[in-house]
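The values are calculated or read from the model by the stated rules, or taken from the named source; none is laboratory data. Just so you know, these numbers come straight off a predicted model, no measurement behind them. Reconstructed Cβ throughout: ideal geometry from the backbone, glycine too, with neighbour counts over all protein chains shown.
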Amino acid sequence: MNVADTTGGRAGRTAARDWLLGCVCPFWAARIIDAQGGFFEALDADGVASPAPVRSVLNQARLTYVFSHASLLAGGGPMRAAADHGFDFLRRAAVQQGGGEGWARSTGVAGQVIDATRDAYDQAFVIFALAWYHRATGSRPALEMAAATYAFMERCLRDPLHGGFFEEYPATGKLPRRQNPHMHLLEATLAMHEATGDALWLDRAGELIALFSRHFFDSGTGSLAEYFNADWSRAAGAPGALREPGHQFEWVWLLGEYLRLAGDRLPPERREALQSQAQALFDFGTRHGLDGSGALQGLVFDAVDPSGGLVTGSKLVWPQTEYIKACIARFDATGDAAHRAEAVAHQARLRRHFFYADGANWVNHVARDGAHLVQGTPSRVLYHVFLAAAELARVEEAA
């Protein structure tokens, strides 16, 4: 994604940037950093960190990304120190794991391995974090670690028969397969291309886009399937029928990012096909994924089915952020200012219905009537909140 101006001029006075860099990031940086190593995994409703001896690589990578991107927007300072803290922990964990053999699912505070499983979803977020850390700092070791991680995925997780990547290493034959790790690997390869300018990363992104078009996109309904058999045929029963509006919207944004970065490399007919698929996903998500009535009208449901029937009426925070990004992506693609206005309006809904009085912490999951379903706030979700607000700041500043 484009990084907003960091010169401290007019761009510094937009509402989204003010909230992100003046409230959210300082609040979390003051609470989530563990001086002993890495980041804590959650805050409670009072904003107090929940101490635990386990560090998930997913959480460490996502927060390293957040503070790296924040450092770019803020011009360094405390956000750079927080990004360095996250990178140092990732590098320490890599040493504990022997280096070059992927990232264990979880470690202790000192980086010692607790769960040695290498999960494809986790590897994607490590690559994503390292790309942004390089953008923030110019770190060559970050690029080398990212390249080694992708090489591990090619060697140990690649499916040579059906395409894509297996879920876990050592191989467990875990089923059903998911689109989700591939979606985030697409995000990571795009970030690496933007960080390095290396066309190889864009080629890798193109392979994942092709997998989306062949298997993930349900052309009959304009929706995104989630779960699959080993050969990428649709999973039977409820898993195969599940549609998550949040992922619909996330793909809208990612398709927009791919089209932006691929530019004229793509033939016109392929660009048109991807734009059409992005629009179909957006249409399905807005038609069936938004609550049309009640106390939380306009917020994104957790799950529907291919016909648009409601499966799960509760509402997590992250689908709201992905809807904001999707609206921005459609604004970028079409120039229709109504999409930008809806992104601003949905950010206001998100803050009104989910955030506590401190303005920086949130209840992560609510029932359809607004009742709180959880107490703690997983710090991994800060990635979603941050990225949506950063995109909103970008379009506000461009205006």
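Tabulated data
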{"item": "Residues being assigned to a helix (DSSP H, G or I) and either farther than 16 Å from W251 by Cα or hydroxyl-bearing (S, T, Y) (or both) - total across the range 164-219", "result": "13"}
{"item": "When residues of the range 265-307 are limited to those that are of a type in the set (D, E, K, R) and outside any helix (DSSP H, G or I), the one surrounded by the most Cβ atoms within 10 Å (Cβ to Cβ)", "result": "D302"}
{"item": "Qualifying position, being modelled with pLDDT under 95, aliphatic (A, V, I, L, M) and out of contact with any strand residue (DSSP E or B) (no Cβ under 6 Å at 6 or more places or on another chain), among A367, A398, A326", "result": "A398"}
{"item": "Test for F40: is it surrounded by fewer than 23 Cβ atoms within 10 Å (Cβ to Cβ) and either within 22 Å of the chain's Cα centre (by Cα) or at pLDDT below 95 (or both)", "result": "yes"}
{"item": "Enumeration of residues in the range 80-123 that are free of Cβ contacts under 8 Å to residues at least 24 places away in the same chain, in contact with a strand residue (DSSP E or B) (Cβ under 7 Å, 6 or more places away or on another chain) and surrounded by fewer than 17 Cβ atoms within 10 Å (Cβ to Cβ)", "result": "Q96, V113, D115, A116"}
{"item": "Cβ pairs under 7 Å, 6+ apart, first in the range 240-253 and under 10 Å from K325 (Cα atoms), second among the hydroxyl-bearing types (S, T, Y) and buried (at least 24 other Cβ atoms within 10 Å of the Cβ)", "result": "F249/Y323"}
{"item": "Residue check, D5 on the phi < 0 side of the Ramachandran plot, at pLDDT 95 or above and out of contact with any Ser or Thr (no Cβ under 6 Å at 6 or more places or on another chain)", "result": "no"}
{"item": "Only listed residue being more than 21 Å from L208 (Cα to Cα) and either of a type in the set (S, T, N, Q) or free of Cβ contacts under 8 Å to residues at least 24 places away in the same chain (or both), chosen from G309, G294", "result": "G309"}
{"item": "Exclusive hit being out of contact with any helix residue (DSSP H, G or I) (no Cβ under 9 Å at 6 or more places or on another chain) and either among the aromatic types (F, W, Y) or modelled with pLDDT of 95 or more (or both), set G359, G335", "result": "G335"}
{"item": "Boolean, A151 is under 30 Å from G75 (Cα atoms), touching a residue at least 24 places away in the same chain (Cβ under 8 Å) and not charged (D, E, K, R)", "result": "no"}
{"item": "The range 340-366 residues that are farther than 17 Å from L387 by Cβ and in contact (Cβ under 8 Å) with a residue 60 or more places away in the chain, paired with ones that are surrounded by fewer than 20 Cβ atoms within 10 Å (Cβ to Cβ) and of a type in the set (S, T, Y) (beta carbon under 7 Å, 6 or more apart)", "result": "V366/S314"}
{"item": "Qualifying residue in the range 209-219 (condition: out of contact with any strand residue (DSSP E or B) (no Cβ under 6 Å at 6 or more places or on another chain), over 24 Å from V304 (Cα atoms) and in contact (Cβ under 8 Å) with a residue 40 or more places away in the chain)", "result": "no"}
{"item": "Test: residue in the range 220-243 that is surrounded by fewer than 23 Cβ atoms within 10 Å (Cβ to Cβ), of a type in the set (D, E) and either modelled with pLDDT under 95 or assigned to a strand (DSSP E or B) (or both)", "result": "no"}
{"item": "Single residue of the range 382-399 satisfying the filter (over 14 Å from E322 (Cβ atoms) and either hydroxyl-bearing (S, T, Y) or in a helix (DSSP H, G or I) (or both)) that is nearest to the chain's Cα centre (by Cα)", "result": "L382"}
{"item": "Answer residue from the range 367-397, given it is touching a residue at least 12 places away in the same chain (Cβ under 8 Å) and small (G, A, S) and is surrounded by the most Cβ atoms within 10 Å (Cβ to Cβ) among those", "result": "A388"}
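For every residue, the table says whether it meets (1) in contact with a His (Cβ under 9 Å, 6 or more places away or on another chain); (2) part of a helix (DSSP H, G or I); (3) within 26 Å of Q179 (Cα to Cα); (4) modelled with pLDDT of 95 or more.
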| site | (1), (2), (3), (4) |
| --- | --- |
| P51 | no, no, no, no |
| A61 | no, yes, yes, yes |
| Y65 | no, yes, yes, yes |
| A83 | yes, yes, no, yes |
| A116 | no, no, yes, no |
| A131 | yes, yes, yes, yes |
| L143 | yes, yes, yes, yes |
| T149 | no, yes, yes, yes |
